[in-house]
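> Below is one structure. I have some questions about it.
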Amino acid sequence: MALARGAGRARGERLAPSRRARSEVGRRVFLRAPTGRHRDELLALIKASQHVLRPWVAPPATRAAYTAYLRRSRRATERAFLVCRLEDHRIAGVINVSQIFHGNFRSAYLGYYAGAPFVGQGYMSDGLRLVLRRAFVTLGLHRLEANIQPQNRASIRLVKRAGFRREGFSPRYLKVFGRWRDHERWAITAEAFRR
């Protein structure tokens, strides 16, 4: 006998994410590809998190910017992941794998940010492990690089915990909020991830 949608659940209880809706599931989070349905939740999270995100990252903050982000995320050279909490499906952060190169290089760049209410709670660490597994196992990449401003200590701690190693320093490497900013280059290879 088939149950009507929602039958057998307590009022307000959320369903587990369906297999189609989630791409990877960890201990406390699952990854989901962003869609138009996530726009309002993510834009509200970004707006509430500006004090945490600046000066490190400029995520899409308008409907038009979110639409452009979705278009980019559908390119063959890009992957975008929403890090969502298993307990309530709320978006805790975003991880992007960009400029994916195959062939002999098999490398990409990594970018990420957490929403202010979820900073320091381990959600991004769990999400990053899932993205690394996706990048190295499913996408067949060999190397991921994260470029981080030296003053962004939380971000450096995140990649260190995941097994990234510091490869160097690039002065005036990336323009963020209209200023060229220094960055440290952190990377991880498939071999280091498997350890």
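> Starting from the 7 Å offset along Cα-to-Cβ, what nm value, one decimal, do you get for the label separation of PHE177 and ALA68?
1.9 nm
> Restricting to Cα pairs below 8 Å that are 6+ residues apart, what does the relative contact order work out to for the chain? Please round to a whole percent.
Here the relative contact order equals 17 percent.
> Place a label point 7 angstrom from the Cα of PHE105 along the Cα-to-Cβ direction, then list the residues of region 121-158 whose backbone nitrogen is under 15 Å away.
Those under the cut-off are 141-146.
> Neighbouring Cβ atoms within 10 Å as the yardstick, rank TRP56, TRP186 fewest first.
By the 10 Å Cβ count, ascending: TRP56, TRP186.
> At most 13 other Cβ atoms within 10 Å and a DSSP loop assignment: could you name the trypsin sites (Lys or Arg not before Pro) in region 23-99 that fit?
Here the trypsin sites (Lys or Arg not before Pro) that fit, given the DSSP loop and packing criteria, are ARG27, ARG74, ARG75.
> Hey, another quick one. To test your reading of the geometry: what angle, between 0 and 90 degrees and rounded to tens, separates the Cα axis of helix 123-133 from the longest principal axis of the chain?
80 degrees
> Considering just Cα atoms, how many Å³ per residue does the convex hull of region 140-186 enclose?
85 Å³
> Taking the mean number of other Cβ atoms within 10 Å as a proxy for protection, how do you rank 124-132, 143-151, 95-103 from highest to lowest?
The most tightly packed comes first, giving 124-132, 143-151, 95-103.
Every number in this text was worked out from the coordinates using simple rules, so none of it is lab data. Keep in mind the model is a prediction, meaning the values are calculated, not measured. Cβ sites come from the backbone with ideal geometry, for glycine too, and all protein chains shown count toward neighbours.
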